[in-house]
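Colleague: Right, I'll just put the structure down here and ask away after.
The values are calculated or read from the model by the stated rules, or taken from the named source; none is laboratory data. Not measured: the values here are computed from a predicted model. Cβ placement follows ideal geometry from the backbone for every residue including glycine, while neighbour counts extend to all protein chains displayed. The accessibility values were calculated without ligands, DNA or RNA, using every heavy atom of the protein model including side chains. Shrake-Rupley method; radii C 1.70, N 1.55, O 1.52, S 1.80 Å.
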Amino acid sequence: MYLRICFHCNLIIANDVNIYLIINKKIKYMCCYGCKEIIKFIIDSKLGNYYIYREKNVTNVEKISYNNYEIYDKNDIIKKFVTKNSLDLYEVTISINGIVCSACFWLIEHHIKSIIGIHKIFINFSTSKAQIIFDLKIIKLSSILMEIRKIGYDAYPYVFKIKETLDNIEYKNELKKLIISAIGSMQIMMLSFSFYLYDLNDIGISYWLFIRLFNFIIATFLIIFCSEKFILNAYRSLKLKTLTIDTIISLSIFMIYFLSVYNFLNKSDKIYFDSVCMFIFFLLLSRFLEMRVRHYCTKLIYSLQKLTTNMATIIKYNNLNIIKKFQKNVDDILISDIILVKIGDIVPLDGIVLSDDCIVDESMITGEKIPIYKKRKDFIIGGCINLENILILKPFSLNKNSFITIIIQILEKMSSIKPKIVRTTNKISSYFILIVLISIFFADIYWFFKDCYNILNVTISMLTVACPCALALSVPIAITCSTNILAKSGFLIIKEHVLESLSNITDVIFDKTGTLTVNYFVLKETKISSKYNMSYVFNLSYSLEILSNHPIAKVFSKNLILKKNEIYNVLNYKEYINCGVEGIINGKKYRMGKLNFIKDFCKIDDKFDFFNFRDDLCIFLSNDYEIIAIYHLINPLRYSSFKGINELKLLNLNLHILTGDPSYSTNKISKNLKIKFFFKNASIQDKLFYIKKLQKNGAKIMMIGDGMNDILAFKISQIAVAMGESTDLAKISSDVTLLNNNLLLLSKAIKSGIYTDKIIKQNIIWAVIYNIIGLFISFLGLIEPYYAVIGMSFSSLLVVCNSLRLLKK
Amino acid sequence: MSIIFFLIPFSFILMFLAIYFFWWAVDNDQFDNLDDISKYILLNDDLFEK
């Protein structure tokens, strides 16, 4: 017998299953009728290309639950999801689970497009959402969802959160303004070019007037359409009696503009329309980049929402007989309701288990891949998946108070807090603005007595020269450069304060499992009783474990697969929760699992020397009287751990391991990596306490972790780094995501943080010196506004170029 | 040189046309998703025969 793999979902097909289809004149096998139906459907719809394009495996069909889609056709419910547009068409956004690569959305798009009644479909791969415009008279919403289900994906309607919609509108508006100012500035620079070479007398009055007129129109147009934000901000800050950079920006814009208008009417050459336009363009550009970063963070936060569903089945019963069963929107569920969760469904709300035992997959929240066993009266977090037995649940809280909703609210608040160094420079510049305004006042008095006609020129020069643009740019541009270069290598910074904190980190704390080690098991050692033939034992274990979906079982199907396998027929196969598996092969009963599970089954003798059983995981294979084999599984260290740790040591940082794992393996790992400080069996509170103690002694802490139990520690450490494999929740509460799980990047990031710090300091020093000297010279009336504009742009450019050096490293 | 009396207004019209088309593109969600659309072109429709 050889191994067969399902053509659709790439799962290994069990021995006794014989389902096949003839595709491209070849026989292809499937694991279940669900997959067969889907393949047939896809091929019949002439969408078979999907199987050529796809890069990753899709979800097994049997794991997708059959939802009751008809609920979405009810009048009051459909109104929540569907909006009517012009032409009597309806628009709906659908969230699709199970999209893994671009072939998936190719398939969905081509299939949905071919349905009568569908007008348009757009799929966004990164958010897994599809926007569909359809005719409600021809096709029902439930039929659309059903069609997506037919090709193997689970879909449900989605309502955009207000913040997402607002972000989208803001993005579009800012993009429009940026485009206008870019095109406008290009035009105006072309038109003004001649004035840099010739003056009024050379050009001739009629041409001069004509070109200047168009300059005037473009500048006016740009100020009206693009500068409203600065002016509004300035107005607001005036109301609050503070000075911001926007105050001085708006003042400069208006002064330069009106002076130019005045000189234009008097046919004088001191006209600076082009300067105003470039000024606006550069300001908009830097703010646009900043906005993109902000929006990216909100998107990350809302990806948490994917975990929850919006419909739940409510039951009513008396004396254990279900008398009524209906669907309800999750927002409307009351605490008095009783929820029923089918196998494979997402648990809609936090709740207490009322039914008997069940197993849930909490991996999307805790990162723990091993399913968790829950018994009656246990607490379940909304968002996990029910794997076995029908689950009956009593809600613990309303949806608006549920665990995930609250986390999202906290994160929303946090994402709007600005990094400290940006706040400091803003503060410095607001003092600076005050100084500028005061000195302008004195300059005006001075010039009033000396040369009345020069007042306006001096004022404008001072305002422009002293505009702390370079100061305002100095920090954000350096941070943007480093952020980009680090993101390219896989160190994705989510919160902006990271770069300034990186340079003064003193202590680095690692979680163990999933951080220093990988988060899956690998077979390290095997011991087989001398009575048995090795390949026979392997085949026995393989045949037993291949039937289970448990992550530990997968270790066997992966590791033993290389040695030409023969699969035996397993009869009476049974899986024991939290213990192991059992089955009859060739008339003999075998068990495979934990020691306690084997104990009740056969006697344990001391013939096996139980290597270092204190730590790590051991799986036993036995028949009804003796142990046949012991498999020793470990979490191996990550490939990058050694080098990464050594690099960090070169930077003179204190390293710690802080883990919840009580086993001996922590000692081994810390010895291996030569890390002095380690603390095992640490609860969440212990972790907090440990970090707080270090911080009391002045330590600045970088915490690297991957799971739910690190989240609180993340919050109090200066920099929280989540591994790329960690849960969405951990990623969102962290400041940095290590996309490729490469620990070497930590030292690289710290080095680049120190370098960035240096560049920022250079920038600030330059900006301050320039501004003070410029202010002084313009006070004396030695600078024309025209040169002031060049000077200002030059100083900003210098700051930008200095920061661009960061991109080289 | 008097040609500029024609060329400048003409470039002006082009500028507004450019702005108009950019606006139109933004309003039609052309800039919403800059990552995935590029993949579409790689997907042909006729590689697979039944």
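Colleague: What about residue A:237, is it over 46 Å from the mean Cα position of the chain (by Cα), free of Cβ contacts under 8 Å to residues at least 12 places away in the same chain and more than 22 Å from residue B:12 (Cβ to Cβ)?
Modeller: No, not satisfied.
Colleague: Name every residue in the range A:526-554 that is open to solvent by 10 Å² or more (accessible area, probe 1.4 Å) and among the aliphatic types (A, V, I, L, M), in order of residue number.
Modeller: Listed by number, the residues that qualify are A:528, A:534, A:546, A:547, A:552.
Colleague: Assuming residue A:783 fulfils every condition listed in (1) touching a helix residue (DSSP H, G or I) at 6+ places or on another chain (Cβ under 9 Å); (2) within 25 Å of residue A:487 (Cα to Cα); (3) among the hydrophobic types (A, V, I, L, M, F, W, C) apart from one, which condition is it?
Modeller: Tallying (1) touching a helix residue (DSSP H, G or I) at 6+ places or on another chain (Cβ under 9 Å); (2) within 25 Å of residue A:487 (Cα to Cα); (3) among the hydrophobic types (A, V, I, L, M, F, W, C), residue A:783 fails exactly one: (2).
Colleague: Take the range A:199-210 and flag every residue that is assigned to a loop (DSSP other than H, G, I, E, B) and within 12 Å of chain B (Cβ to nearest Cβ).
Modeller: Matches in the range A:199-210: A:204 only.
Colleague: Which residues, counting only those in the range A:126-149, are open to solvent by less than 30 Å² (accessible area, probe 1.4 Å), under 32 Å from the mean Cα position of the chain (by Cα) and under 16 Å from residue A:91 (Cβ atoms)?
Modeller: A:129, A:130, A:132, A:133, A:134, A:141, A:144, A:145
Every residue, every condition in (1) farther than 24 Å from residue A:636 by Cα; (2) surrounded by fewer than 24 Cβ atoms within 10 Å (Cβ to Cβ), yes or no:
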{"site": "A:665", "(1), (2)": "no, yes"}
{"site": "A:678", "(1), (2)": "no, yes"}
{"site": "A:693", "(1), (2)": "yes, yes"}
{"site": "A:698", "(1), (2)": "yes, yes"}
{"site": "A:706", "(1), (2)": "no, no"}
{"site": "A:719", "(1), (2)": "yes, no"}
{"site": "A:725", "(1), (2)": "no, yes"}
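Here is a yes/no grid of residues against (1) farther than 23 Å from residue A:278 by Cβ; (2) part of a helix (DSSP H, G or I); (3) without any contact (Cβ under 8 Å) to a residue 24 or more places away in the chain:
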residue: A:765; (1), (2), (3): yes, yes, yes
residue: A:770; (1), (2), (3): no, yes, no
residue: A:773; (1), (2), (3): no, yes, yes
residue: A:796; (1), (2), (3): no, yes, no
residue: A:803; (1), (2), (3): no, yes, no
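Colleague: A further question on this structure: Name the pairs: first residue in the range A:165-193 and within 11 Å of chain B (Cβ to nearest Cβ), second residue of a type in the set (Asp, Glu), Cβ to Cβ under 6 Å, at least 6 apart or on different chains?
Modeller: A:188/A:274
Colleague: Quick test of your reading of the structure: residue A:782 fulfils all but one of (1) open to solvent by 80 Å² or more (accessible area, probe 1.4 Å); (2) part of a helix (DSSP H, G or I). Name the failing condition by number.
Modeller: (2)
Colleague: Going through B:16, B:10, B:21 one at a time, which residue ends up being open to solvent by 100 Å² or more (accessible area, probe 1.4 Å), assigned to a helix (DSSP H, G or I), modelled with pLDDT of 65 or more and more than 7 Å from chain A (Cβ to nearest Cβ)?
Modeller: Being open to solvent by 100 Å² or more (accessible area, probe 1.4 Å), assigned to a helix (DSSP H, G or I), modelled with pLDDT of 65 or more and more than 7 Å from chain A (Cβ to nearest Cβ) holds for just one of B:16, B:10, B:21, which is B:21.
Colleague: Can I ask one more? Suppose the filter is basic (Lys, Arg), more than 14 Å from every other protein chain (Cβ to nearest Cβ) and part of a helix (DSSP H, G or I); does residue A:229 pass it?
Modeller: Spelling it out, residue A:229 is indeed basic (Lys, Arg), more than 14 Å from every other protein chain (Cβ to nearest Cβ) and part of a helix (DSSP H, G or I).
Colleague: Select the strands (runs of 3 or more DSSP E) contained entirely in the range A:577-623, then report the ones holding at least 2 residues which are modelled with pLDDT under 80.
Modeller: So the answer is A:617-623.
Colleague: So residue A:425 clears everything in (1) crowded, with 17+ Cβ neighbours inside 10 Å; (2) at pLDDT 70 or above except one condition, right? Which one?
Modeller: Going through (1) crowded, with 17+ Cβ neighbours inside 10 Å; (2) at pLDDT 70 or above one by one, residue A:425 breaks only (2).
Colleague: Of all residues in the range A:687-702, which are in contact (Cβ under 8 Å) with a residue 12 or more places away in the chain and among the charged types (D, E, K, R)?
Modeller: Scanning the range A:687-702 gives A:687, A:692, A:700.
Colleague: In the range A:636-646, is there at least one residue being under 30 Å from residue A:529 (Cα atoms) and modelled with pLDDT of 80 or more?
Modeller: yes
Colleague: Go through the range A:624-677 and give me each residue that's basic (Lys, Arg) and in contact (Cβ under 8 Å) with a residue 40 or more places away in the chain.
Modeller: Answer for the range A:624-677, where residues must be basic (Lys, Arg) and in contact (Cβ under 8 Å) with a residue 40 or more places away in the chain: A:638, A:643, A:668.
Colleague: Right, here's the next one. Quick check, is residue A:698 in a loop (DSSP other than H, G, I, E, B) and within 19 Å of residue A:501 (Cβ to Cβ)?
Modeller: yes
Colleague: Please work out if residue A:27 is away from chain B (no Cβ under 14 Å) and at pLDDT below 75.
Modeller: It is false that residue A:27 is away from chain B (no Cβ under 14 Å) and at pLDDT below 75.
Colleague: Which one is nearest to residue A:278 (Cα to Cα) among residues in the range A:251-265 that are surrounded by 20 or more Cβ atoms within 10 Å (Cβ to Cβ) and out of contact with any Leu (no Cβ under 9 Å at 6 or more places or on another chain)?
Modeller: A:253
Colleague: Residue A:511 - would you say it is in contact (Cβ under 8 Å) with a residue 60 or more places away in the chain and out of contact with any strand residue (DSSP E or B) (no Cβ under 8 Å at 6 or more places or on another chain)?
Modeller: no
Colleague: Do any strands (runs of 3 or more DSSP E) lying entirely in the range A:58-125 carry at least 3 residues that are within 14 Å of chain B (Cβ to nearest Cβ) and either modelled with pLDDT under 80 or open to solvent by less than 70 Å² (accessible area, probe 1.4 Å) (or both), and which ones are they?
Modeller: So the answer is A:90-97, A:118-124.
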